[in-house]
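Beneath this line is the structure, given in structure tokens, with notes to follow.
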Amino acid sequence: MGIDPGIGISGYSFVDYRDFKFKLLTSGSIQTDKKAPHPKRLKELKDDIDFLIEKYKPDCASIEQLFFFKNQKTIIPVAQARGVILLSLEQHSIPMYEYTPLVVKQTIAGFGRAQKADIKLMIKNYIELDEKITLDDTIDSIALAVCHGQNCKFKEEIK
């Protein structure tokens with residue numbers, strides 16, 4: 001499971017990784033009501049994450065690690081959303097792996113400063129991507145899942 005956390009939009013994806021091959025099972029986004037009170041949005045996010053975990057039963061999750069944000073207005077709500085997601089994963093005993101955007105970009109595109117369009121293009125080298133998937137948050141969640149698979153692959157190769 002790959003998760004790109006956010007309070008307004010959280011991208012998610014479920015990727016099967018076997019024999020060094022990736023297959024996208026499903027992906028999408030959880031979008032909370034901007035007009036709803038913040039605690040209600042967090043509960044909605046947690047309920048939706050719980051539903052997805054129960055439906056798809058992932059054996060692990062990769063989630064974006066927080067880093068310095070340029071927009072200080074969004075860091076606390078994003079951190080709270082991320083906390084709710086981490087709580088849900090922990091309550092379901094799902095092992096979590098955290099990756100910074102820099103590591104994801106380096107893993108997927110070979111360049112830590114790659115742009116969103118570069119990541120989308122490079123993801124297609126790893127996984128069949130439906131052209132209908134255009135939301136950056138969803139693509140980021142797929143990149144997180146593939147990044148984790150690639151890191152597992154590397155660890156398996158050096159054993």
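Any idea which of Phe20, Gln80, Thr107 is furthest toward the positive side of the dipole for the chain, if Lys and Arg beta-carbons carry +1 and Asp and Glu beta-carbons -1?
Gln80
For the chain, what is the mean residue ellipticity at 222 nm derived from helices alone (per DSSP H run of n ≥ 4: -39500 (n - 2.57); sum divided by total residues; nearest 500 deg cm²/dmol)?
Computed mean residue ellipticity for the chain: -16000 deg cm²/dmol.
Please report, in debye to the nearest 20, how large the charge dipole of the chain is about its Cα centre when each Lys and Arg carries +1 at its beta carbon and each Asp and Glu carries -1 there.
In total the dipole reaches around 400 debye.
Would you list the membrane-span-like helices of the chain, meaning whole DSSP H runs whose alpha-carbon atoms span at least 15 Å along their axis and whose mean Kyte-Doolittle value is at least 0.0?
72-91
Among the trypsin sites (Lys or Arg not before Pro) in the stretch 1-35, which ones are in a DSSP loop with at most 10 other Cβ atoms within 10 Å of the Cβ? Mind listing them?
When the trypsin sites (Lys or Arg not before Pro) of the stretch 1-35 are filtered for loop state and at most 10 Cβ neighbours within 10 Å, Lys34, Lys35 remain.
What's the ranking of 127-139, 5-17, 55-67 by average number of surrounding C-beta atoms within 10 Å, highest first?
Order by mean packing, descending: 5-17, 55-67, 127-139.
Peptides 141-148, 116-123, 91-98: what's the order by average Cβ count within 10 Å, highest mean first?
Ranking, from highest mean packing down: 141-148, 116-123, 91-98.
How large is the convex hull of the Cα atoms of the chain per residue, expressed in Å³ as a whole number?
116 Å³
Taking +1 at the Cβ of each Lys and Arg and -1 at the Cβ of each Asp and Glu, which of Thr32, Ile3, Ala61 sits farthest along the dipole of the chain towards its positive end, judged by Cα position relative to the Cα centre?
Thr32
None of the figures in this text is laboratory data; all of them are computed from the coordinates on show. On a predicted model such as this, the values are computed, not experimentally measured, just so you know. Because the Cβ atoms are built from the backbone with ideal geometry, glycine has one as well, and the counts that use them run over all protein chains shown.
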